[in-house]
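Novice: I have a structure here, written as structure tokens, and I will follow up with some questions on it.
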Amino acid sequence: MMNETNFFSVIVPTYNREKVLFRAINSVMNQTFSDFDLWIIDDGSTDSTEHLVKEYRKHHPLREKIFYQKIENQGVSAARNVGIQISEGKWLAFLDSDDEWLPDKLFKQRKFIDERPDIKIVHGEEIWIRNGVRVNPKKIHQKYGGMIYKLCLPLCRISPSAAVIERRMLLSMGNFDEDFIVCEDYFLWLKITSLFEVGFITDPLIIKYGGHEDQLSHKYHSMDYYRVQAMYKILTTRNLPEEDKQATLKEIYAKSEILIAGYLKHNNLKNLEEIQRIYDISRNLLKEMGC
């Protein structure tokens, strides 16, 4: 079993990503900060992932830091949660298997944590590569630190690959919600940012790759459906301050209105009734608040 003094447990969920997985693994093993253990959680891959990881671990000089666990295919949330459950690090660091860490990522985050022991989550800037070309993120994707709940409502402001989270705080949030097949990270960030300040490092910490076919955002196009679900769940489970409650309702209202128009235009009635109900509730609550 791992050394209990490990500060970070690094969790890499993967599914059929044998072609890029080792870029991610190598970026962890090449960190300048060494107080970590690495957990690769194989979400039921059917390619050569298992064989390749076991061979990698067998021959790596730091193999005692590397752990591999294969589970039945249940999705990225379940894979991350398994890693959380079986690891023991004081802080948890996540890396999607199609992304890459820069060498001093963990060093910079540990330094930030030491300087700000009140902070329970730290993320940082990103380098974006799309279809092999570096691109500049749009202003709507700008990253922030502080009390950023309202900024997190329109879209996901924190990448799992860039974040480290104190274990005790994450467990108190209920980990990743496995009911969300996408936007599971968006929902977690809403839960966290509604209560906690977020630490932010202005230096790039990761390289985030996009444009490949197996991205979940390519598979599930209507991300706002899941964002509306997440916001409504926050609204009904959190005692939000009035300002945050109003901002949440306005975002639900705006996204639901667009979703409903799209459902009616394309005669896609599968989720219409559910979103219509949430839309009506948000509209009525906004009226009661004088908005």
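The values are calculated or read from the model by the stated rules, or taken from the named source; none is laboratory data. Only a predicted model underlies this, so the values are computations on that prediction, with no experimental measurement involved. Note: ideal-geometry Cβ built from the backbone for every residue, glycine included; neighbour counts use all protein chains shown.
Novice: Between a residue in region 101-129 that is within 24 Å of Leu21 (Cβ to Cβ) and any residue that is assigned to a loop (DSSP other than H, G, I, E, B) and acidic (Asp, Glu), which pairs come within a Cβ distance under 9 Å, given they are 6 or more apart or on different chains?
Specialist: These pairs meet every condition: Leu106/Asp35; Glu126/Asp99.
Novice: Take the residues in region 209-247 that are of a type in the set (D, E, K, R) and more than 22 Å from Ile148 (Cα to Cα), then tell me which one is modelled with the lowest pLDDT.
Specialist: Taking region 209-247 first, the residues of a type in the set (D, E, K, R) are 213-214, 219, 224, 227, 233, 238, 242-245.
Right, trim to more than 22 Å from Ile148 (Cα to Cα) and you get 213-214, 219.
Working: Glu213: 59, Asp214: 57, Lys219: 54.
If we take residues in region 209-247 being of a type in the set (D, E, K, R) and more than 22 Å from Ile148 (Cα to Cα), then Lys219 is modelled with the lowest pLDDT.
Novice: If you don't mind, there's one more thing I want to ask. Looking only at residues in region 1-60 that are of a type in the set (Ser, Thr, Tyr) and part of a helix (DSSP H, G or I), which one is farthest from the chain's Cα centre (by Cα)?
Specialist: Tyr56
Novice: In addition: For region 51-63, state whether one or more residues are under 17 Å from Asp185 (Cβ atoms) and in the same structural domain as Asp203 (by TED's automatic domain parsing).
Specialist: Keep residues of region 51-63 that are under 17 Å from Asp185 (Cβ atoms), which gives none.
No, there is no match, as no residue in region 51-63 is under 17 Å from Asp185 (Cβ atoms) and in the same structural domain as Asp203 (by TED's automatic domain parsing).
Novice: State the number of residues belonging to region 263-276 that are within 28 Å of the chain's Cα centre (by Cα) and free of Cβ contacts under 8 Å to residues at least 24 places away in the same chain. Can you show your working first?
Specialist: Step one: of region 263-276, the residues within 28 Å of the chain's Cα centre (by Cα) are 263, 270-272, 274-276.
Narrowing the set further to residues that are free of Cβ contacts under 8 Å to residues at least 24 places away in the same chain leaves 263, 270, 272, 274, 276.
Within region 263-276, residues that are within 28 Å of the chain's Cα centre (by Cα) and free of Cβ contacts under 8 Å to residues at least 24 places away in the same chain number 5.
Novice: Separate question: Quick check on Gln246: is it under 17 Å from Leu155 (Cβ atoms), touching a helix residue (DSSP H, G or I) at 6+ places or on another chain (Cβ under 9 Å), part of a helix (DSSP H, G or I) and not hydrophobic (A, V, I, L, M, F, W, C)?
Specialist: No.
Novice: Only residues that are farther than 21 Å from Ser77 by Cβ, buried (at least 17 other Cβ atoms within 10 Å of the Cβ) and touching an Asp or Glu at 6+ places or on another chain (Cβ under 8 Å): list them for region 3-36, please.
Specialist: Asn6, Phe7, Ser27, Gln31
Novice: Then there's this: Tell me, yes or no, whether region 37-44 has at least one residue that is among the aromatic types (Phe, Trp, Tyr) and either outside the structural domain of Lys105 (by TED's automatic domain parsing) or buried (at least 22 other Cβ atoms within 10 Å of the Cβ) (or both).
Specialist: Yes: region 37-44 contains one or more residues that are among the aromatic types (Phe, Trp, Tyr) and either outside the structural domain of Lys105 (by TED's automatic domain parsing) or buried (at least 22 other Cβ atoms within 10 Å of the Cβ) (or both).
Novice: On to the next question. So which residues in region 188-205 are surrounded by fewer than 19 Cβ atoms within 10 Å (Cβ to Cβ) and without any contact (Cβ under 8 Å) to a residue 60 or more places away in the chain, if there are any at all?
Specialist: Passing the criteria: only Leu195.
Novice: If you don't mind, another one. State the number of residues belonging to region 267-291 that are part of a helix (DSSP H, G or I) and either buried (at least 17 other Cβ atoms within 10 Å of the Cβ) or polar (S, T, N, Q) (or both).
Specialist: So the count comes out to 8.
Novice: Return yes when Tyr144 is surrounded by fewer than 17 Cβ atoms within 10 Å (Cβ to Cβ), within 25 Å of Glu242 (Cα to Cα) and either in contact with a helix residue (DSSP H, G or I) (Cβ under 6 Å, 6 or more places away or on another chain) or small (Gly, Ala, Ser) (or both) and no when it is not.
Specialist: On the way: surrounded by fewer than 17 Cβ atoms within 10 Å (Cβ to Cβ): yes; within 25 Å of Glu242 (Cα to Cα): yes; either in contact with a helix residue (DSSP H, G or I) (Cβ under 6 Å, 6 or more places away or on another chain) or small (Gly, Ala, Ser) (or both): yes.
It is true that Tyr144 is surrounded by fewer than 17 Cβ atoms within 10 Å (Cβ to Cβ), within 25 Å of Glu242 (Cα to Cα) and either in contact with a helix residue (DSSP H, G or I) (Cβ under 6 Å, 6 or more places away or on another chain) or small (Gly, Ala, Ser) (or both).
Novice: Assuming Leu264 fulfils every condition listed in (1) touching a helix residue (DSSP H, G or I) at 6+ places or on another chain (Cβ under 8 Å); (2) in a helix (DSSP H, G or I); (3) hydrophobic (A, V, I, L, M, F, W, C); (4) buried (at least 16 other Cβ atoms within 10 Å of the Cβ) apart from one, which condition is it?
Specialist: Tallying (1) touching a helix residue (DSSP H, G or I) at 6+ places or on another chain (Cβ under 8 Å); (2) in a helix (DSSP H, G or I); (3) hydrophobic (A, V, I, L, M, F, W, C); (4) buried (at least 16 other Cβ atoms within 10 Å of the Cβ), Leu264 fails exactly one: (4).
Novice: Return a yes/no flag: does region 64-87 have any residue that is farther than 16 Å from Ala163 by Cα and of a type in the set (Lys, Arg).
Specialist: yes
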